[in-house]
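Notes follow the structure.
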Amino acid sequence: MSENRRAAVLGSPIAHSLSPVLHRAAYRKLGLSGWTYDRFEVEETALPDFFKHLGEDGGPAWAGLSLTMPLKRAVIPLLDEITDTAASVEAVNTVVFTDDGRRHGDNTDIPGMLAALRERGVGRVARAAVLGAGATASSALAALSRICDGEVTAYVRSEARAAEMRQWGERLGVPVRTADWDDAAEALGAPLVIATTPAGTTDALAASVPDRPGALFDVLYEPWPTPLAAAWAARDGSVVSGLDLLVHQAVLQVEQMTGRAPAPLDAMRAALAAR
């Protein structure tokens, strides 16, 4: 693909998104000088109208879109097809516009999580713990369905959230046990802990990190390191960050949108570090 093309990330809020840094770095490395990648503030209610008017300005053809919150579920009715991976968690973060005019949706967060874990030496685990519930937690369960041999314990704040996580476990084929957030310190003894909560939520757990921790995947990246991640690393535990996830899911997006593989992981990570 040498012709001019364009792509973008959509969401709200969107000003903080680092996706343009990653995708533009990939285009430079791949020699796609005519490609652009922008960001657009788009609310859920405005998404259908955004899709309706795509390409009407007569500019370069659209290659694809990255979707962040709150659009990952709202975009599904606007697409012609979605992958089984996206369907498993009812969330699309990647849209590719095919040559025949179809809108193809995928979820690169799940394989991105697995790639980030592999890079840090985390393969199969006997059991795992998930801190929090919601969209990221369901993606975590989907990833764990591929690498966890035993039970996943989800630590949540309400019975409603607990019920949701058990339902996701049934749907994804993962045995999920739920526990109260007040007992979240118990999670830290698991071979793999995935923290999916907002900034500050896990700070109080830093004092409870065991002497010989397993692996921690903290999906946050700003601020970094979190107190929990810092305490984990201080005890020589393996730490995977939200930046690792961000890069690996973007690598997969670039490959799908450009048709070039492998995407330049090192160049993308260097651009992120230099931002």
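The values are calculated or read from the model by the stated rules, or taken from the named source; none is laboratory data. None of these values were measured; they are calculated from a predicted model. In this analysis, Cβ positions are derived from the backbone assuming ideal geometry, glycine residues included, and neighbour counts consider all displayed protein chains. The protein model used for the area step is the full one, side chains on, heavy atoms only, and it has no ligands, DNA or RNA in it. Shrake-Rupley method; radii C 1.70, N 1.55, O 1.52, S 1.80 Å.
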Would you please name the residue that is most open to solvent (accessible area, probe 1.4 Å), looking only at residues in the stretch 230-260 that are over 21 Å from D183 (Cβ atoms) and assigned to a loop (DSSP other than H, G, I, E, B)? D236
Just a yes or no: is a residue in the stretch 59-71 modelled with pLDDT of 95 or more and open to solvent by 70 Å² or more (accessible area, probe 1.4 Å)? no
Let me spell it out: the conditions are (1) more than 30 Å from C148 (Cβ to Cβ); (2) small (G, A, S); (3) surrounded by fewer than 20 Cβ atoms within 10 Å (Cβ to Cβ), and A126 meets all of them except one. Which number is the exception? (1)
Scanning the stretch 79-97 for residues that are open to solvent by less than 40 Å² (accessible area, probe 1.4 Å) and among the hydrophobic types (A, V, I, L, M, F, W, C) gives L79, A86, A87, V89, A91, V92, V95, V96, F97
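Can you pull out the strands (runs of 3 or more DSSP E) entirely within the stretch 9-116 that have at least 1 residues that are within 22 Å of the chain's Cα centre (by Cα), acidic (D, E) and at negative phi?
Numbers: elements: 35-41, 61-67, 94-97, 103-106.
Here the list reads 35-41, 103-106.
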Quick one: is T153 closer than 22 Å to V254 by Cβ and open to solvent by less than 20 Å² (accessible area, probe 1.4 Å)? no
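Are any residues in the stretch 1-29 farther than 19 Å from R275 by Cβ and open to solvent by less than 80 Å² (accessible area, probe 1.4 Å), and if so, which ones? Steps first, answer last, please.
If we filter the stretch 1-29 for residues that are farther than 19 Å from R275 by Cβ, which is where we start, we get 1-6, 10, 12.
Selection gives R5, R6, L10, S12.
Looking at T202, is it open to solvent by less than 60 Å² (accessible area, probe 1.4 Å), under 18 Å from A129 (Cβ atoms) and of a type in the set (S, T, N, Q)?
Working: open to solvent by less than 60 Å² (accessible area, probe 1.4 Å): yes; under 18 Å from A129 (Cβ atoms): yes; of a type in the set (S, T, N, Q): yes.
When the stated conditions are applied, T202 passes them.
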Please state which one of A7, A46, A15 is touching a residue at least 40 places away in the same chain (Cβ under 8 Å), of a type in the set (A, V, I, L, M, F, W, C) and out of contact with any Cys (no Cβ under 9 Å at 6 or more places or on another chain). A7
Checking the condition hydrophobic (A, V, I, L, M, F, W, C), under 21 Å from A87 (Cα atoms) and open to solvent by 10 Å² or more (accessible area, probe 1.4 Å), which residue from A143, A133 passes? A133
Checked against (1) in contact with a helix residue (DSSP H, G or I) (Cβ under 8 Å, 6 or more places away or on another chain); (2) within 21 Å of P264 (Cα to Cα), N4 satisfies every condition except (1)
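Tell me, please, whether a residue that is open to solvent by 50 Å² or more (accessible area, probe 1.4 Å), of a type in the set (A, V, I, L, M, F, W, C) and out of contact with any helix residue (DSSP H, G or I) (no Cβ under 8 Å at 6 or more places or on another chain) can be found in the stretch 170-185. Give the steps one after another, and end with the answer.
Applying the first criterion (open to solvent by 50 Å² or more (accessible area, probe 1.4 Å)) to the stretch 170-185 yields 170-171, 173, 175, 177, 180, 182-183.
With the extra rule that they be of a type in the set (A, V, I, L, M, F, W, C), the set shrinks to none.
Checked the stretch 170-185: no residue is open to solvent by 50 Å² or more (accessible area, probe 1.4 Å), of a type in the set (A, V, I, L, M, F, W, C) and out of contact with any helix residue (DSSP H, G or I) (no Cβ under 8 Å at 6 or more places or on another chain).
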